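Accompanying notes for the structure given below.
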Amino acid sequence: MKKIYFLSLLICAFCSLHAAVSIEHKQTRKGSREYNSFKILNASPVKYAIDYNISERKGKKTVGDSSASSTGIGLNNGWYGSATLRIGVNGKSLTSPAKISKDAGTLTFTWNEAVLTMTFPEGSDKIFCHVSAPGAKRLTLGFLGMPGFLAKRKTEMKSWVSTEKVNHFLNDGKYQTRGEVWYMFYDRESNRRGIPVVLLDPSEVKSGNVTGGAKRLLIVSSFEMKKSECRFLLMGIPSGHMDAETLYEDLKANGGKYLEQLKNFQFK
C-alpha cells in the first residue's frame, strides 16, 4: 500500500513538472473600474502576467492608461504595466475594450479593426505575437518600456537602446532605426523592473524610432509596418533570469535564430 502511495506521489510530481501551459484569469471590480489579470502558468522560468483594466466614465469605456493611446494591454518585467502595446490602424490607435479569449497558452484580443494573438510556448522565455488588420492601408505598432527605477534615486534616468548594430544613449535624442532585428531597452543605473526586448522581422518594417530620456520614465519604440499584418516577439527579462550583459550577448549571438523561430512559428 505504501509503495502504491509513493508511486502516486512520483507520478503527480512528474505531471506537475510537465504540466501544459495554461492561463489563469482573475477579474475584480472596484466602482466603475474592471481589473483583469492573466497569469501564464507552466510556460517558462519567466513568470509572465498581463493586466487589462477597463474604466467607465459618463458611459464611455477606456482601457489602461488612457493618456498613452494604447491597447491597454500591460505586460510585466520591464514593460509599462498599464500600456505596453500600441496598435494603430489607418492612423487611429485602438483604445476601446477588446473581446478577449484564451486557449491553453494563447491569448487573443479582438477589435473591429484588428486581431492580436499572443502565444506563450512551453519552456520559452519569449512571447510570440501576431497582428492582423484586414484591409488596413496603414498599420503601426508601439512598444512602451519602463526598465528604470526612480524611487529613492538621486541620479537621472540613463535610458539606452541596444541592437545588433548600435548602443544608443536616448538622453542624447531619438534613435531612428535602421532595419535591426531586435531592440533591448534598459537603464544604465538600475533595471529593477526588468529589461524589455522586442524582435521584429525587418522585412516587414517600413520605418521606426525609439525615444526616451533623463526625465522620461518611459522608453517608447514606434514602427510603421509595410503590410496589414505582421509578427513580433516580446521578452521581459527579470534580473533573476538574465542580467543585462548576459541578455545582450544572447541576443547578439542568437538574434538570427530567434527571427527564424518567429518566421516559422505556427499560430493557432
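The values are calculated or read from the model by the stated rules, or taken from the named source; none is laboratory data. On a predicted model such as this, the values are computed, not experimentally measured, just so you know. Ideal geometry is used to build each Cβ from the backbone, glycine not excepted, and the neighbour counts take in all protein chains shown. Note: areas computed on protein heavy atoms with side chains; ligands, DNA, RNA excluded. Shrake-Rupley method; radii C 1.70, N 1.55, O 1.52, S 1.80 Å.
Could you tell me the relative contact order of region 183-253? Use alpha-carbon pairs under 8 Å, at least six residues apart, and round to a whole percent.
Normalised by residue count, the contact order of region 183-253 is 36 percent.
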Any idea how far apart K165 and K58 come out in nm if each label point goes 7 Å out from Cα toward Cβ?
4.6
Keeping all protein chains in place, calculate the accessible area per residue for the chain (probe 1.4 angstrom), answer in Å².
52
HN-Hα J in Hz across region 217-225 - Karplus 6.51, -1.76, 1.60, θ = phi - 60°, x for Gly and Pro
5, 8, 10, 10, 10, 10, 9, 9, 8
For the pair S66 and A253, how long in nm is the line joining their label points, each one 7 Å along Cα→Cβ?
4.8
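Report the gain in length on full extension from T211 to K99: 0.36 nm times residue separation, minus Cα-Cα distance, nm rounded to one decimal.
Between T211 and K99, full extension yields 37.3 nm more.
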When the accessible area of the chain is split by element with a 1.4 Å probe, what percent falls to carbon and sulfur?
51
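Using alpha-carbon pairs under 8 Å, 6+ residues apart, how would you state the relative contact order of the chain in percent?
On the way: 654 pairs, mean separation 42.2, N = 268.
Dividing the mean separation by the residue count of the chain yields 16 percent.
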Could you pull the accessible area for D51 with a 1.4 Å probe, rounded to 10 Å²?
70
Expressed as a rounded percentage, what relative contact order does region 53-137 have, with Cα pairs under 8 Å and six or more residues apart?
18
Quick one: Karplus J couplings for region 183-189, per residue in order, coefficients 6.51, -1.76, 1.60, θ = phi - 60°, nearest Hz, x for Gly and Pro?
9, 10, 10, 7, 10, 5, 8
S222, S66, reordered so the largest accessible area comes first (probe 1.4 Å)
S66, S222
With all protein chains present, calculate the accessible area of H130 using a 1.4 Å probe and round the result to the nearest 10 Å².
40
I want to check the label-to-label distance for L41 and E260. Put each point 7 Å from Cα in the C-beta direction and report it in nm to one decimal.
3.6
Quick one: Debye curve from the C-alpha atoms of region 47-151, no solvent, what's log10 I(q)/I(0) at q = 0.18 Å⁻¹?
-0.92
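In what order, largest first, do E180, E224, E260 sit by accessible area if the probe radius is 1.4 Å?
Working: E180 5, E224 40, E260 90 Å².
Ranked from most to least accessible, the order is E260, E224, E180.
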Using θ = phi - 60° and Karplus 6.51 cos²θ - 1.76 cosθ + 1.60, couplings along region 128-141 (whole Hz; Gly, Pro as x)
9, 10, 9, 10, 10, 10, x, x, 5, 7, 8, 10, 10, 10
Could you state how much accessible area T106 has, in square angstrom rounded to the nearest 10, with a 1.4 Å probe and all protein chains kept in place?
10
Quick one: of K26/K47; K60/K126; K26/K263; K227/K263, which pairs are farther than 23 Å apart, Cα to Cα?
K60/K126; K26/K263
